[in-house]
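Asker: Following this message is one structure expressed as structure tokens.
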Amino acid sequence: MSTATARLEFRVSPQEKARIERAAELSGEQVSSFARTAAEEKAGRILREYEGATTVPAEFFDDLIAAFDTPAKANPGLRKAAKRLRATVTRD
């Protein structure tokens with residue numbers, strides 16, 4: 001773990017400061033630790049959302065690609081739905 005030497009400062013309204021101080025007190029943390037943790041957690045959520053990637057085993061990926069390459073086979077339910085569509089929908 002690296003030593004925290006960089007500084008990050010921001011201004012808040014007196015009401016926001018009081019709210020943050022109260023929440024820090026209730027959680028048993030120093031205000032700076034509470035604010036840093038809250039900022040780190042939010043940054044982590046946002047970065048995971050924008051930079052995230054889904055990792056799957058190679059076998060799963062190969063099966064998925066093979067499924068895309070395989071022509072679909074009509075099943076009885078799909079055939080019935082297609083007939084119902086042709087009977088109920090008219091096209092101009």
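The values are calculated or read from the model by the stated rules, or taken from the named source; none is laboratory data. Predicted, not measured: the structure shown is a model, and the values here were computed from it. Neighbour counts run over all protein chains shown; Cβ positions are idealised from the backbone, glycine included.
Asker: Out of the residues in region 17-54 that are of a type in the set (Asp, Glu) and at pLDDT 95 or above, state the one that is surrounded by the most Cβ atoms within 10 Å (Cβ to Cβ).
Answerer: Glu29
Let's see how each residue does on (1) among the small types (Gly, Ala, Ser); (2) touching a strand residue (DSSP E or B) at 6+ places or on another chain (Cβ under 6 Å); (3) part of a loop (DSSP other than H, G, I, E, B):
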{"residue": "Val12", "(1), (2), (3)": "no, no, yes"}
{"residue": "Ala18", "(1), (2), (3)": "yes, no, no"}
{"residue": "Phe61", "(1), (2), (3)": "no, no, no"}
{"residue": "Ala66", "(1), (2), (3)": "yes, no, no"}
{"residue": "Ala74", "(1), (2), (3)": "yes, no, yes"}
{"residue": "Arg79", "(1), (2), (3)": "no, no, no"}
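Asker: Regarding region 56-69, can at least one residue be identified that is among the aromatic types (Phe, Trp, Tyr), out of contact with any Asp or Glu (no Cβ under 7 Å at 6 or more places or on another chain), surrounded by 11 or more Cβ atoms within 10 Å (Cβ to Cβ) and at pLDDT below 95?
Answerer: Within region 56-69, one or more residues are among the aromatic types (Phe, Trp, Tyr), out of contact with any Asp or Glu (no Cβ under 7 Å at 6 or more places or on another chain), surrounded by 11 or more Cβ atoms within 10 Å (Cβ to Cβ) and at pLDDT below 95.
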